[in-house]
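Please read the structure below before turning to the comments.
The values are calculated or read from the model by the stated rules, or taken from the named source; none is laboratory data. Values in this document were obtained by computation on a predicted structure and should not be read as measured data. Virtual Cβ from ideal backbone geometry, glycine too; neighbours counted across all protein chains shown.
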Amino acid sequence: MGERYRSNPATRPHLTLLYDTADADFQAFSDAYFNNTPLALFVTDGAGNGLDADFSITGFSVEQPLEEALSVSVTAKPTASTRAPTWKTGSGS
């Protein structure tokens with residue numbers, strides 16, 4: 001049975017993507033944001049521990065630094081869906 005998670009800043013991942021409209025990840029985040037559809041994400045610490053849930057993409061803004069590549073700032077939060085959020089551990093449980 002999945003644990004319950006509050007949608008608070010600790011469970012709202014923020015990430016930066018390179019602005020590349022041909023990239024599948026960019027397209028998935030863009031589609032989820034502009035179509036207001038949930039996106040399944042596994043937010044991990046790199047060792048396989050993390051939150052596996054459906055997320056609503058709440059922010060998708062283009063960053064235009066003067067001397068670097070264009071990027072997109074993405075913010076997500078867990079959303080209600082038929083798939084309950086679960087905490088996964090590096091052991092696969």
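Quick notes
- The range 18-59, subset touching a Pro at 6+ places or on another chain (Cβ under 9 Å) and β-branched (V, I, T), residue surrounded by the fewest Cβ atoms within 10 Å (Cβ to Cβ): V43
- Qualifying residue in the range 17-24 (condition: free of Cβ contacts under 8 Å to residues at least 24 places away in the same chain and of a type in the set (A, V, I, L, M)): yes
- Residue satisfying all of: in the range 60-93; small (G, A, S) and exposed (fewer than 12 other Cβ atoms within 10 Å of the Cβ); modelled with the highest pLDDT among these: S61
- Lone unmet requirement of (1) under 13 Å from the mean Cα position of the chain (by Cα); (2) modelled with pLDDT of 90 or more for T11: (2)
- The residues of the range 59-93 that are among the polar types (S, T, N, Q) and more than 17 Å from N35 (Cα to Cα), listed by number, are Q64, S71, S73, T82, T86, T89, S91, S93.
- For the range 46-93, the strands (runs of 3 or more DSSP E) that sit wholly inside it and include 2 or more residues that are touching a residue at least 60 places away in the same chain (Cβ under 8 Å) and touching a Leu at 6+ places or on another chain (Cβ under 8 Å) are 71-78, 86-88.
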